[in-house]
Amino acid sequence: QQLLEILLDLRESGGWDYPRMGRPDLSNTQVAALRARAAHAAGLNVPKAIWGELVEIVLRHQEKPVDIPGTALLPRDKRRMAGFAYEPGGAPSASMTTAGLTILGIATEDPLRVDHRFDVQIEEARQLALNWLEQHYSVEGNPLGDASWHYYYLYGLERVGALNNLAKIGEHDWYLDGAAQLLKEQRDDGGWRLDDDHPWPWPLVTPNTCFSLLFLR
C-alpha cells in the first residue's frame, strides 16, 4: 500500500518520469502500469481514474499512422501502421511500441477498468501498433531503437503476446523465435548481458538476466 501511494504521488499529467526530472516518458509509464497491475492483483484499491489516464497518456506517444509499403496487397485494416515513441512526437522504436501495447493491454484486460468511450480509440491504436511490430519484426537488437535495450524489448514483446493473448505477431511465432535467440545469447555464467564496451546503459547484467527470464517463463 505504501509503494502504491508513492507510485500515485509520482505521476504527472504526461505520465511518469525519473524522479525530479520533470520529463515523463513512455518506459517509466510502462513500469508504472505494471506496478499498478501488480497492486491490483494484490488486492489493493487502485483508483479507477488511473487506467483511463494511462490510456490517454499512451495515445499521445503514438505516431501518426503511415502507409505500409505494398499496401495495395493488404486487407484494409493492415494497410497502415503507427508505432510508439519514448516522448510525444519522437521516432517510434520496437521497445517503445511494445511498451505502448503493454499499457493498452493492462488497461483493457479487465473490461471494468476503462470507460467504454475509449474502446474504438484503443482498438485502432492497438491494431496500428501491431501492424508496426509485424512490419519491423525481429528478435535481434531493438528495431529502429537503441540496441542497448535489446532485452528490455524482448520482455516487452512477451508482455504484448501475453496481455493480448497473441500466439503470433503477424505470421511470426514470437515466443519460439525469442526463446531461440535468448538461448543463443546466454553467457557461460548463465546470465544475459551486453558487451562491456557498449554505451549507456552498460551491460546491465542483473536487469538483462531478469528480462530474459521473464520472457522465458
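The values are calculated or read from the model by the stated rules, or taken from the named source; none is laboratory data. Quantities reported herein were computed from a predicted structural model and do not represent experimental measurements. Virtual Cβ from ideal backbone geometry, glycine too; neighbours counted across all protein chains shown. Heads up: the accessible areas ignore ligands, DNA and RNA and are worked out on the full protein's heavy atoms, side chains in. Shrake-Rupley method; radii C 1.70, N 1.55, O 1.52, S 1.80 Å.
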Going through (1) modelled with pLDDT under 95; (2) within 19 Å of I103 (Cβ to Cβ); (3) touching a helix residue (DSSP H, G or I) at 6+ places or on another chain (Cβ under 8 Å) one by one, G170 fails only at (2)
Legend entry - Filter pass, Q30 being within 17 Å of H136 (Cα to Cα) and touching a residue at least 60 places away in the same chain (Cβ under 8 Å): no
Only one of (1) free of Cβ contacts under 8 Å to residues at least 24 places away in the same chain; (2) in a loop (DSSP other than H, G, I, E, B); (3) in contact with a helix residue (DSSP H, G or I) (Cβ under 9 Å, 6 or more places away or on another chain) does not apply to D119, and that is (2)
Subset of the stretch 104-115, residues surrounded by fewer than 18 Cβ atoms within 10 Å (Cβ to Cβ) and within 22 Å of W174 (Cα to Cα), comes to E109
Residue pairs within 6 Å by beta carbon, gap of at least six or interchain, first lying in the stretch 47-61 and modelled with pLDDT of 95 or more, second open to solvent by 40 Å² or more (accessible area, probe 1.4 Å), listed first then second, are R60/P88; H61/P88
Inside the stretch 181-207, the number of residues satisfying the requirement of being in a helix (DSSP H, G or I) and at pLDDT below 95 is 3
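Restricting to the stretch 136-151, give me the number of residues that are part of a loop (DSSP other than H, G, I, E, B), of a type outside the set (V, I, T) and within 15 Å of Q186 (Cα to Cα). Let's see the steps before the verdict.
The initial filter retains those residues of the stretch 136-151 that are part of a loop (DSSP other than H, G, I, E, B), namely 136-146.
Narrowing further to those that are of a type outside the set (V, I, T): 136-138, 140-146.
Narrowing further to those that are within 15 Å of Q186 (Cα to Cα): 140-141.
Adding up the residues that qualify gives 2.
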Residue pairs within 7 Å by beta carbon, gap of at least six or interchain, first lying in the stretch 1-25 and touching a residue at least 12 places away in the same chain (Cβ under 8 Å), second surrounded by fewer than 11 Cβ atoms within 10 Å (Cβ to Cβ), listed first then second, are L10/P19
If we keep only residues of the stretch 162-180 that are charged (D, E, K, R) and assigned to a loop (DSSP other than H, G, I, E, B), then the residue least open to solvent (accessible area, probe 1.4 Å) is D173
Open item on the list: For the structure I just gave you, tell me whether K64 is open to solvent by 70 Å² or more (accessible area, probe 1.4 Å), touching a residue at least 60 places away in the same chain (Cβ under 8 Å) and closer than 24 Å to Q121 by Cβ.
Closed with: no
Exception for R159 within (1) within 30 Å of D77 (Cα to Cα); (2) open to solvent by less than 70 Å² (accessible area, probe 1.4 Å); (3) of a type in the set (D, E, K, R); (4) outside any helix (DSSP H, G or I) falls at (4)
Yes/no for L154 being assigned to a loop (DSSP other than H, G, I, E, B), in contact (Cβ under 8 Å) with a residue 60 or more places away in the chain and not charged (D, E, K, R): no
Scanning the stretch 82-103 residue by residue, those in contact with an Asp or Glu (Cβ under 8 Å, 6 or more places away or on another chain), open to solvent by less than 60 Å² (accessible area, probe 1.4 Å) and not polar (S, T, N, Q) turn out to be A82, G83, F84, A85, P92
Expected single match for among the small types (G, A, S) and free of Cβ contacts under 8 Å to residues at least 40 places away in the same chain among G145, G89 is G89
Considering the stretch 1-39, residues that are more than 17 Å from G156 (Cα to Cα), in contact with a Phe, Trp or Tyr (Cβ under 9 Å, 6 or more places away or on another chain) and assigned to a helix (DSSP H, G or I), and then whichever is least open to solvent (accessible area, probe 1.4 Å), we arrive at L7
